[in-house]
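Asks: This is the structure I want to talk about, given as structure tokens.
The values are calculated or read from the model by the stated rules, or taken from the named source; none is laboratory data. Keep in mind that this is a model prediction, so the values were computed, not measured. Because the Cβ atoms are built from the backbone with ideal geometry, glycine has one as well, and the counts that use them run over all protein chains shown. For accessibility, only protein heavy atoms count, side chains too; no ligands or nucleic acids. Shrake-Rupley method; radii C 1.70, N 1.55, O 1.52, S 1.80 Å.
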6 protein chains.
Amino acid sequence: MKLAHLSWRKAEPVLNNPDTVVVIPIGSTEQHGPVGPLGTDWLIPEWITNEMEKRTDILVTPVIPFGVATHHTSFPGTIDMGLETLIAVMRGVFTNLAKHGARRFVVVNGHGGNDPAIEKAGLEIARETGALVALLNWWSIAPQLNKAWTTGHGDAQEVAAMMHVHPELVDLADCPKTVVNELSEDFAFTHLSAIRYKGAVVKLVRDLKRGIPQGGFGGLASENATAQWGADMMTAIVDYFSAFVEDFRKVPLDRIEDR
Amino acid sequence: MKLAHLSWRKAEPVLNNPDTVVVIPIGSTEQHGPVGPLGTDWLIPEWITNEMEKRTDILVTPVIPFGVATHHTSFPGTIDMGLETLIAVMRGVFTNLAKHGARRFVVVNGHGGNDPAIEKAGLEIARETGALVALLNWWSIAPQLNKAWTTGHGDAQEVAAMMHVHPELVDLADCPKTVVNELSEDFAFTHLSAIRYKGAVVKLVRDLKRGIPQGGFGGLASENATAQWGADMMTAIVDYFSAFVEDFRKVPLDRIEDR
Amino acid sequence: MKLAHLSWRKAEPVLNNPDTVVVIPIGSTEQHGPVGPLGTDWLIPEWITNEMEKRTDILVTPVIPFGVATHHTSFPGTIDMGLETLIAVMRGVFTNLAKHGARRFVVVNGHGGNDPAIEKAGLEIARETGALVALLNWWSIAPQLNKAWTTGHGDAQEVAAMMHVHPELVDLADCPKTVVNELSEDFAFTHLSAIRYKGAVVKLVRDLKRGIPQGGFGGLASENATAQWGADMMTAIVDYFSAFVEDFRKVPLDRIEDR
Amino acid sequence: MKLAHLSWRKAEPVLNNPDTVVVIPIGSTEQHGPVGPLGTDWLIPEWITNEMEKRTDILVTPVIPFGVATHHTSFPGTIDMGLETLIAVMRGVFTNLAKHGARRFVVVNGHGGNDPAIEKAGLEIARETGALVALLNWWSIAPQLNKAWTTGHGDAQEVAAMMHVHPELVDLADCPKTVVNELSEDFAFTHLSAIRYKGAVVKLVRDLKRGIPQGGFGGLASENATAQWGADMMTAIVDYFSAFVEDFRKVPLDRIEDR
Amino acid sequence: MKLAHLSWRKAEPVLNNPDTVVVIPIGSTEQHGPVGPLGTDWLIPEWITNEMEKRTDILVTPVIPFGVATHHTSFPGTIDMGLETLIAVMRGVFTNLAKHGARRFVVVNGHGGNDPAIEKAGLEIARETGALVALLNWWSIAPQLNKAWTTGHGDAQEVAAMMHVHPELVDLADCPKTVVNELSEDFAFTHLSAIRYKGAVVKLVRDLKRGIPQGGFGGLASENATAQWGADMMTAIVDYFSAFVEDFRKVPLDRIEDR
Amino acid sequence: MKLAHLSWRKAEPVLNNPDTVVVIPIGSTEQHGPVGPLGTDWLIPEWITNEMEKRTDILVTPVIPFGVATHHTSFPGTIDMGLETLIAVMRGVFTNLAKHGARRFVVVNGHGGNDPAIEKAGLEIARETGALVALLNWWSIAPQLNKAWTTGHGDAQEVAAMMHVHPELVDLADCPKTVVNELSEDFAFTHLSAIRYKGAVVKLVRDLKRGIPQGGFGGLASENATAQWGADMMTAIVDYFSAFVEDFRKVPLDRIEDR
């Protein structure tokens, strides 16, 4: 059930029902390496929530297509809202829905940079109303379900997902090799903003394009993506997320609010 | 062509092309009277830009589903970002795209409350980069194309549009009569936040639900919507918007930047 | 009765009286075409509220001389507070007066760009305290009282008003012809930020001075202003506004707060 | 010469003239003790700048009637903009005028709480453009010109000034005795937010109305004001301020900008 | 007792005790004239509160080393948080501690530019919770205890204090003479941002380094500092502050909250 | 070398030297489980940077004792600045130091919640000036140096560090058992804001105190801390950090800025 498809009169009892789980798909429009589409981070959550809707009873908000993409703005097509703005957007979503009764929120997130904003706004609504907010980051849950589904920004994991979700948007034939401009001999990039130094990983803040001019890096290079990986992974994610919602709905709210 | 479907490498030359017209669909998720879906304001721009894409060469950003809905938050399902937040969101869209070359923006807007934020951010980017920003508000252009297509919030005009765009989302059989709780004998509501007094209209700021408990008001009541009206009006709008883009693309940018 | 002239001890019972109507004159300091004074937008509300004070019992706040003039800052002498700042200023006015009992506010506004800020702050106080906020925009009410009193920014309507209110500040002998630099053959300016395209008006966001280098445009050119027009129009406005206040005072507050 | 009275075409050469001194009158609308009018802090600067205008060539902006009155909001009629908002307002004034050439600003201030905001915005414009900003606080300059003209908030100094500037607004016959509710035996109030402890003064932050329920305190009680004091003091202030402007105009700007 | 040294379980009863006086040392990291260390403004409050802790029972928060140093940023090593940020920081300190019971706050401040932010946040917490907030500015209390301990920014008073508190950080042998670049013959600097004109002092807002290139100015030049002055002054300050806290603890809170 | 100990004249050449590495210790004042001191997160970075100073040539800023502790404010003694405020503070530190030449920043961080703010402000300064910003989070590097040094908030890892750094502040004899109030049978807490569900970890946003009333959780319970662990770990960290700085200093800045 999509919130945007209901009239306010139809939405009223759904929001007021303590068993309603509100699912909020969110992502980012930002570079995703040499072949990943700019919309990767929100197209996947949009697809996931559409699938979840077929399996369990949820109220899905419109997908939020922009997020915190500050690191990526040197790459054309990236649209960054910034951290403070996403906090305000999420506050708007949580506050307005909680005002009319919603108390169970599941954010299906496609972009790690969004986490601090979601958590901040989520904590506010949790404290104000006793709401529960779960944050399902598909790309970090996937490798916990199968170690082979290793993750990195704009790399094979995300491309594989797109090959299942929107195969027409990926052209692996046009995939240049990943280039890395190392900072120095002592520091080797392990992710876009991280380097390895003497066995440990250190965050290194710099414009990404200087170090990784193609934009994708961290796990396996994009060229290793396959449609089968995408299919297996997305199926597992939808199974997991749907089951999660079913159990999340059963957490007794009174146990929470009484504390 | 959808921005989200391109990789950054494919987006780069498109944004850098001075003939590219970037189209930004935006709306709101808010009450739309007794039968209008909560997503009316963004579902229509999304449909319009999809149709425009078939007729002319444009680069369409992801639809922005939330806007300035502060007046409507007493109605369940409304999600308000607030004026300041929408300014920040629009600034993000304009700034990031202009950074990589975009100079012609057409905002296809489905919600009047968004106008001040779009204009403010648009003026900033116009001054900083010489970009041109046009704001196409379909609901206010429609009655200029045909006087019968009269407008008001959440009333027959918007419902008729939805009956063409997403007929499955409108159920006219379940349409209660509009109720108006007048302020006093001297002041008669003409729109949601406006009253008529001695022949002239005055803005009256109050929580909407006190005055118009069903939410839709201003032109014709929702029950008067027809699919034919929707079809005729939406066809005219897509024709007009597509032609506009064609001519907007031809405005010589050098004439603008030289001044 | 002017708020600034009372001691706080004298203001206390006035603010606490539920029949008190607080009138807030506000405008802008910004270009007003080839001959209009920069203060046009606030000098007129200041004059109107002085006249209203002679006819009906009101509590008038100090006039707010700056507003949202972002579009006009390319013209010397314009002072722009910006949208966010005016929201904060209006919030300060409403909140501090409502804290001590005021519940009926009439904003006498001389500048359209101020509307969104006034409405936002007004809606907040309405929701927090049940206050009623009316927004009387003299320039838009005038043509509803008499069709000949047509309106446009910095054009004959405002100049005529000034010729009645402060005749010494207008010198029609020094009035250059209006110049319009059209964008292209397809788009003809109808107002400062609006163009006509195929029979409908579209907002066009650009630095104003590029299109309309004298600044005034929209209705009749400034040279058409007459003192008689000004006298007739201002008299009608003061009559209308004074009558409005009388009836606004009578709206039973209990009908409002009980809903 | 008043900025608001000029058309933008007339204002243009004045702002562009490096000898132009822009004078900005500013105050506050806030409680001023048992008999002082709420507008005391801006009515006096408005009067001063009107007098200065008769004696020297200045460009006077509209008076800013609201300021930082946070300490006084428990008293009816006080309108507080808050520190952050006044910074934004002053930034608007300085930035917009400097953009068109103004480089010499004299702020004629009637309220101490405004100082930090004026200084912050003034320092910004000084650094960006090399402008000079002087801050003339009449109430603190007065006792330096004559020790008898001692100062305190809402006390005899300000009442005396009002008795000269707007005698009709002061009624000394209705002046209750000042009451002070001391915190304890060890701490004696010396000003509204300050106590004396063992021979030194310490700032004590508390709602003012708890300690000084009439609002005025610090120098001499209001009942000691006289029209003669007001006349002598205001004459001396206008003399001083006018002379200051004359000499401020002569400070060679090149000596400043070359450093 | 230092807050940072307690576990939350140990802090809980201390914060909940109405007799607890919370002491907040705060300063700035900014230029202090030719020989004063950049940390002067917070090293002194840190030392003072350490001494106070030996004499009376207080709960000391971590020292806040950055403040409002906007005037000083042209001098290397200065770190400015800005006024708005310090308001937010102080709000965080007051709000979080008051939430768990604290009601008596003494701010030991080493930098005058911090005052407006401390007062604003302090007034908020006073109004919300009935808390008492005292602001002990050591440099302004010192000359009230002994007239010889005259004050000015980055001059002998502060250097003398440092010679007692951290003698190893001051090298008077390397102290260049103070240079003053006067604005003109009419205006003589008396402090960093103030000039004397015809017998009265006027604030003059300009980048400090243009007028006083060594940074320290106002009272006695740094070269006049002595260790004895520092010792006498610091002892008197610690005596005074410790006594103040003892008496501040005794102010009956019920007398305050009942009003 | 401590920035606060230098006069601005001594700081000038240090900041201007391209080989200077500026080290910024930062933490938080917040609950650290049943026995950890509230200052754990900044006392450790303060100690680390003091040790680093003995081994390599660095310029150390004052330690920032407050951070983003929003999750912990239900525990007495926690002081939260909030995400937006820490961004502003870090922007102040980076901007002011880079203005005078600093280009190599190493943030020694003791609290994970600070990361997004540090990264945002760091990225800004990197883009504006070409500066390099490294973020050394000791608690996350430690387990990469030795798997036994497992991490969790307010648990044995941090307590062990404190037992080496400030042994007098830890009393393991007074260490109650960790209590966990699980949400339901399906969801088991793994960290303060995370639960395990069917083999994967999901973020769960809720007031922490409801789930983990003692505050510390995630790795090993506090009672398992030992002084030996602390000594070994802190030595390894200081070795690693000092070596890192040495190599970070050598990264050729021209390679970075030329790109």
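Asks: Evaluate segment A:190-208: report whether one residue or more is within 30 Å of F:Lys209 (Cβ to Cβ) and either under 24 Å from the mean Cα position of the chain (by Cα) or of a type in the set (A, V, I, L, M, F, W, C) (or both). Give the steps one after another, and end with the answer.
Replies: Initial filter on segment A:190-208 (within 30 Å of F:Lys209 (Cβ to Cβ)): A:203.
Next, only the ones that are either under 24 Å from the mean Cα position of the chain (by Cα) or of a type in the set (A, V, I, L, M, F, W, C) (or both) stay: A:203.
Yes: one or more hits.
Asks: Does F:Asn137 meet the test of being more than 16 Å from the chain's Cα centre (by Cα) and either polar (S, T, N, Q) or open to solvent by less than 30 Å² (accessible area, probe 1.4 Å) (or both)? Write out each step before concluding.
Replies: Working: more than 16 Å from the chain's Cα centre (by Cα): no; either polar (S, T, N, Q) or open to solvent by less than 30 Å² (accessible area, probe 1.4 Å) (or both): yes.
No.
Asks: Please count how many residues of segment A:15-46 are assigned to a helix (DSSP H, G or I), more than 8 Å from chain B (Cβ to nearest Cβ) and within 20 Å of A:Arg91 (Cα to Cα).
Replies: As a first pass, look at segment A:15-46 and keep what is assigned to a helix (DSSP H, G or I): A:15-16, A:40-46.
Add one more test, that the residue is more than 8 Å from chain B (Cβ to nearest Cβ), and what stays is A:40-41, A:44-46.
Cutting the leftovers down to within 20 Å of A:Arg91 (Cα to Cα) gives us A:45.
Adding up the residues that qualify gives 1.
Asks: Based on this model, can you work out whether E:Pro45 counts as in contact (Cβ under 8 Å) with a residue 12 or more places away in the chain and open to solvent by less than 10 Å² (accessible area, probe 1.4 Å)?
Replies: Working: in contact (Cβ under 8 Å) with a residue 12 or more places away in the chain: yes; open to solvent by less than 10 Å² (accessible area, probe 1.4 Å): yes.
Against the criterion (in contact (Cβ under 8 Å) with a residue 12 or more places away in the chain and open to solvent by less than 10 Å² (accessible area, probe 1.4 Å)), E:Pro45 qualifies.
Asks: Continuing with the same structure: Anything in segment E:103-137 that is more than 8 Å from chain D (Cβ to nearest Cβ), in a strand (DSSP E or B) and within 22 Å of E:Thr40 (Cβ to Cβ)? List them, or say none.
Replies: Correct list: E:Val106, E:Val107, E:Val108, E:Asn109.
Asks: Oh, and also: Select from segment E:74-100 the residues that are open to solvent by less than 10 Å² (accessible area, probe 1.4 Å) and among the β-branched types (Val, Ile, Thr) and list them in ascending order.
Replies: Within segment E:74-100, E:Thr78, E:Ile79, E:Ile87, E:Val89, E:Val93 meet the criteria.
Asks: Inspect all residues belonging to segment D:13-22 and state whether any of them is open to solvent by less than 10 Å² (accessible area, probe 1.4 Å), in contact (Cβ under 8 Å) with a residue 12 or more places away in the chain, in contact with a Gly (Cβ under 6 Å, 6 or more places away or on another chain) and more than 30 Å from C:Arg9 (Cβ to Cβ).
Replies: Residues of segment D:13-22 open to solvent by less than 10 Å² (accessible area, probe 1.4 Å): D:15, D:21-22.
Among the residues that remain, those that are also in contact (Cβ under 8 Å) with a residue 12 or more places away in the chain are: D:15, D:21-22.
If we keep only those that are in contact with a Gly (Cβ under 6 Å, 6 or more places away or on another chain) too, we end up with D:15.
Okay, now just the ones that are also more than 30 Å from C:Arg9 (Cβ to Cβ), so D:15.
Among the residues of segment D:13-22, at least one is open to solvent by less than 10 Å² (accessible area, probe 1.4 Å), in contact (Cβ under 8 Å) with a residue 12 or more places away in the chain, in contact with a Gly (Cβ under 6 Å, 6 or more places away or on another chain) and more than 30 Å from C:Arg9 (Cβ to Cβ), which makes the answer yes.
Asks: Yes or no: segment E:26-39 includes at least one residue that is within 21 Å of E:Lys250 (Cβ to Cβ), out of contact with any Lys or Arg (no Cβ under 7 Å at 6 or more places or on another chain) and open to solvent by less than 10 Å² (accessible area, probe 1.4 Å).
Replies: For segment E:26-39, residues within 21 Å of E:Lys250 (Cβ to Cβ), out of contact with any Lys or Arg (no Cβ under 7 Å at 6 or more places or on another chain) and open to solvent by less than 10 Å² (accessible area, probe 1.4 Å): absent.
Asks: Let me ask something else. I'd like to know if segment C:54-67 contains one or more residues that are of a type in the set (Val, Ile, Thr) and more than 13 Å from chain D (Cβ to nearest Cβ). Break it down stepwise before answering.
Replies: Let us first name the residues in segment C:54-67 that are of a type in the set (Val, Ile, Thr), namely C:56, C:58, C:60-61, C:63-64.
Narrowing the set further to residues that are more than 13 Å from chain D (Cβ to nearest Cβ) leaves C:56, C:58.
Yes, segment C:54-67 contains a residue that is of a type in the set (Val, Ile, Thr) and more than 13 Å from chain D (Cβ to nearest Cβ).
Asks: Just one of the numbered conditions (1) within 30 Å of C:Pro18 (Cα to Cα); (2) surrounded by 21 or more Cβ atoms within 10 Å (Cβ to Cβ) is not true of C:Asp115; which one?
Replies: The number of the failed condition is (2).
Asks: Next up: Would you be able to say whether some residue in segment D:195-215 is within 14 Å of chain E (Cβ to nearest Cβ), farther than 30 Å from E:Trp149 by Cβ and of a type in the set (Asp, Glu)?
Replies: Yes, the conditions are met somewhere in segment D:195-215.
Asks: Turning to a different aspect of this structure: Taking C:Arg91 as the residue in question, decide whether it is without any contact (Cβ under 8 Å) to a residue 12 or more places away in the chain, out of contact with any Cys (no Cβ under 6 Å at 6 or more places or on another chain) and within 27 Å of B:Ser74 (Cβ to Cβ).
Replies: Working: without any contact (Cβ under 8 Å) to a residue 12 or more places away in the chain: no; out of contact with any Cys (no Cβ under 6 Å at 6 or more places or on another chain): yes; within 27 Å of B:Ser74 (Cβ to Cβ): yes.
When the stated conditions are applied, C:Arg91 does not pass them.
Asks: Looking for something modelled with pLDDT of 95 or more, under 15 Å from the mean Cα position of the chain (by Cα) and farther than 30 Å from D:Pro213 by Cβ - is there at least one such residue anywhere in segment D:6-24?
Replies: yes
Asks: Right, another one. Of the conditions (1) under 22 Å from F:Asp80 (Cβ atoms); (2) open to solvent by less than 10 Å² (accessible area, probe 1.4 Å), E:Leu132 fails just one. Which one is it?
Replies: Of (1) under 22 Å from F:Asp80 (Cβ atoms); (2) open to solvent by less than 10 Å² (accessible area, probe 1.4 Å), only one is false for E:Leu132: (1).
Asks: Looking at segment E:77-102, which of its residues are within 21 Å of the chain's Cα centre (by Cα), of a type outside the set (Asp, Glu) and at the interface with chain F (Cβ under 8 Å from one of its Cβ atoms)?
Replies: Those that are within 21 Å of the chain's Cα centre (by Cα), of a type outside the set (Asp, Glu) and at the interface with chain F (Cβ under 8 Å from one of its Cβ atoms): E:Gly77, E:Thr78, E:Ile79, E:Met81, E:Gly82, E:Thr85, E:Ala88, E:Val89, E:Gly92, E:Val93, E:Leu97.
Asks: List every residue pair whose Cβ atoms sit under 9 Å apart, with the two residues 6 or more apart in sequence or on different chains, where the first one lies in segment B:141-153 and is touching a residue at least 24 places away in the same chain (Cβ under 8 Å) and farther than 23 Å from B:Gln31 by Cβ and the second, anywhere, is part of a loop (DSSP other than H, G, I, E, B) and open to solvent by less than 50 Å² (accessible area, probe 1.4 Å).
Replies: Taking only residues 6 or more apart or on different chains, the pairs are B:Leu145/C:Gly199.
A quick yes/no check of all residues on (1) within 28 Å of D:Val21 (Cα to Cα); (2) modelled with pLDDT under 95:
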residue: D:Ile141; (1), (2): yes, no
residue: D:Lys147; (1), (2): no, no
residue: D:His164; (1), (2): yes, no
residue: D:Pro167; (1), (2): no, no
residue: D:Ser184; (1), (2): no, yes
residue: D:Gly230; (1), (2): yes, no
residue: D:Glu246; (1), (2): yes, no
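Asks: I would also like to ask the following. Does D:Tyr240 meet the test of being within 14 Å of chain E (Cβ to nearest Cβ) and in contact (Cβ under 8 Å) with a residue 12 or more places away in the chain? So that I can check it myself, show each step before the final result.
Replies: Details: within 14 Å of chain E (Cβ to nearest Cβ): yes; in contact (Cβ under 8 Å) with a residue 12 or more places away in the chain: yes.
The answer is yes for D:Tyr240.
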